[in-house]
1. Based on the mean of other beta carbon atoms within 10 Å per residue, what is the order of 142-155, 18-31, most packed first?
2. Report, to one decimal in Å, the Kirkwood hydrodynamic radius for the stretch 563-625 based on all distinct Cα pairs.
3. What's the Cα-based Rg to Rh of the stretch 415-481, Rh via Kirkwood?
4. Take the alpha-carbon centre of the stretch 407-443, take the same for the stretch 749-766, and report the distance between them in whole Å.
5. With each label point set 7 Å from Cα along the Cα-Cβ vector, what nm distance links THR52 and ARG146?
6. Relative to the present Cα-Cα distance, how much length would full extension add between ARG35 and GLU64 at 0.36 nm per residue of separation?
7. Provide the packing ranking of 438-450, 666-678, 203-215, i.e. peptides ordered by the mean count of other C-beta atoms within 10 Å per residue, highest first.
8. If the label point is 7 Å along Cα→Cβ of ARG700, which residues in the stretch 610-644 have backbone nitrogen under 19 Å from it?
Amino acid sequence: MRLKTAWHILRYLGPGFVWQRFRIAVENKLGRPKRVYAARPWESISLAEICTPGTPTDAAEYDEFKRNQDIPFIANANREQRGEKARSGEGHGAGSMQRTPAAEPAEGGRATEPAEGGRATPSLAERLRLIAENRHVYCFRTPSPRAVDWSENGLTGQRARSSVPWYAVRDFDPSQGDIRTLWDPARANWAIDLLRGVAHGLIERHQAAALYWRWVDSWMAACPPWMGVHWKCGQESSVRMIGLALGFFGGLCRIGRAHPPAAAMLDEPSGRDAVVGTAHPTMVGTAHPTIPGAAHHAIAIARIAWATGYRVAHHIDYAVSQKNNHAISEACGLILVSHLFPEFREAAPWKALGRRVLTQELRRQIYADGSYVQHSMNYQRVMMHGATLALRLAELQNDPLPRDLYERLGRCAQFMHELMDARAGRMPNFGNNDGACVLPLTDCDYADFRPVIQSTHFLATRRRLLPAGPWDEETAWLFADELDAPPSSPAATRSPAAPSSPAALGRFGVSGGVGPAGGGRATEPAGGGRATEPAEGGRATRGRATGGGYFVIRRGESWVMLRCHSYRDRPAHLDMLHVDLWWRGLNILQDAGTYQYFIPDHPALERYFKSIRAHNTIEIDAAEPLQAATRFLWLPWPKARVISAPPSEIADRRSTPAAPGEPADFAGEHYAYARPPWHVVHRRTLRAAENGWSIVDELRGRRRSRQSATLRWRMADVPVELDAATGRVSANTPVGRFSITVESGGAERLSRQIVRGQVGDELSFAAPYYAELQPTPTLVVATDWMETLVLTSHVRFD
């Protein structure tokens, strides 16, 4: 088994990956991390050491040096006027934030509604109150029950060791619990909230600055350079630096170009003396003896920035070997540090390294149709935020990155737009979703993707893709006075209450999707032969998807996303031929999402969310089709084939409705179970009906013995009833009633049950947000069969 796994790793990840990991392992064995990341206190990082000759080394002189440095930065041009317009309701362009619930969170409004069944997300005003109480909001959703302790998991009470170097911290340690939630307070989203609070008039600048320094002082006291859990990951270090830089340079101080002279952050008193509202509990590690006054604040940020750049630059090869958004975030971190601190001795090589890695990885990680290598909507958002910020900083330096990167990111925005539900900006909760948002610059709900779609499209085209709305605030912070263009196409301005109809298909991975190439179509195989699919340039190839394999069909008030993909990169979840169904803005058939990456007390629950059981597809013989080599690596990588898809023209890089009477059918099959011991091919056909959808699942096996098959339809968290006599499931939702019936094409007897939570070994949970567990109803249909099985599911809207 080990030899087979090794062969699969070499085959799928490639010799380059194997060599990189081998080299890193040898370096670790020879003690390189211990030499490179030798422990040192903050005060040992002197300006004379990290800055070029001629840079002032006295605290007061360096403070003045940074004030007078001519460094353009996002979010600083006309920020006073922008905040005033947000409060008065003036303007919809010119970098303004229009009067919306996002601009007035204190009055209880929400920019967007949370995912169904979820509790309300704390507003900006609520988050500011929690910051004043030294409390954190985990994953933008859950307030910590007590003041932040940087070594404590605020959701579980478990603790990490703070006295060990980052390279000795274990990723999966039962004593510390899920490292992802441990990291969350140090991502510095609180710094961005303070910045936005000032712009929206919810907090005075001197109060926000005081709170900022209270949190920064506390973190520095608890987390010396390269020690403990918060230095474990280069991506986490980069995301933290982005948040701190936005707070320090973006509007709470007068450092850099175009800053008004009023209320400079550096002039404010120490954060540990500030009080907003009533008395607050003590934050662990608040006192910082090496930063006694305001004159040392510039040095403090310089030390954090240098330690971050050093941490990333000396280990970014590991991030590159992962082929995921870690490398994008770390490259952005290097570009950010070199941009804001050009006086650093390493600024030029860090900038060159960041630009090289960013360019290489964006070209390597973004598929031709705009979908993403990690098979995850949220991980794609993380990538887009890091890339957009990095490209924007390069523009401000008058040294823009290559044009093809803009085109790739523009396709990403178009791809996400196609898979977005127009009513609330939500997308299928597909693939890994760890609750990350690098640039939380609006009061839109975490599950709303309109902010990143708008800002990324604006980066690529300098035009809006979506109509004006509260999601524009992110674009306003990034692009200041440039946000004055109308949406880029009539298709982008359709009413959120009226999705395209009667049917439309976004054929990502087949026709090139929203990319500049494409136009070909999958063809129906003749005489049982294999279907062919167009390559990126439009030429037909045999049985190979050319993009991400996402298919979208819209009809009336509903739409479907289906995935049919031959994996060229690591699968995240076992979701072959998964179907997501949306009706009137409600995700009625849905993906389970991601609960937590590490649940030591409940390993079965940890496995569940990645498994085939957590998706709307068929399981054979109660077994996973792939082997979990690690928590984030499935082997072997499955293949799939598109058999047929309805004709569709791509206009303005958007799918257009089918002609009246044109069938909206899709057929494809996957081969994850085609290997021993199952030898089963699963084919799924999707048809749009008059008042709903029909999904036909056909299993074809080669074994002459009976096998089991289990079909699951995971529903929204709504009341459901199963009629035992007819097998009909009825669901009552806030937007209407729908029903599901499943029929067999043969003599097989079907067992049907509704599972909510846990019934025996059967689980049915959803995680609409990271670290939130929600029992939801699943229709479980099971049967035994031999050689051929056909199951037809009818979803009808009443």
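None of the figures in this text is laboratory data; all of them are computed from the coordinates on show. Just so we're clear, the structure is a prediction, and the values are computed from it rather than from any experiment. A quick note on method: Cβ atoms are made from the backbone with ideal geometry, for glycine too, and the neighbour counts reach across all protein chains shown.
1. Top to bottom by mean Cβ count within 10 Å: 142-155, 18-31.
2. Its Kirkwood hydrodynamic radius stands at 13.1 Å.
3. We get a ratio of 0.94 for the stretch 415-481.
4. Comparing the Cα centres of the stretch 407-443 and the stretch 749-766, I get a distance of 31 Å.
5. With each label point 7 Å from Cα toward Cβ, the separation is 4.9 nm.
6. On the way: separation 29, 0.36 × 29 = 10.44 nm, distance 3.48 nm.
Here the segment from ARG35 to GLU64 would lengthen by 7.0 nm.
7. Listed from highest to lowest mean packing, they are 438-450, 203-215, 666-678.
8. So the set is 618-620, 639-644.
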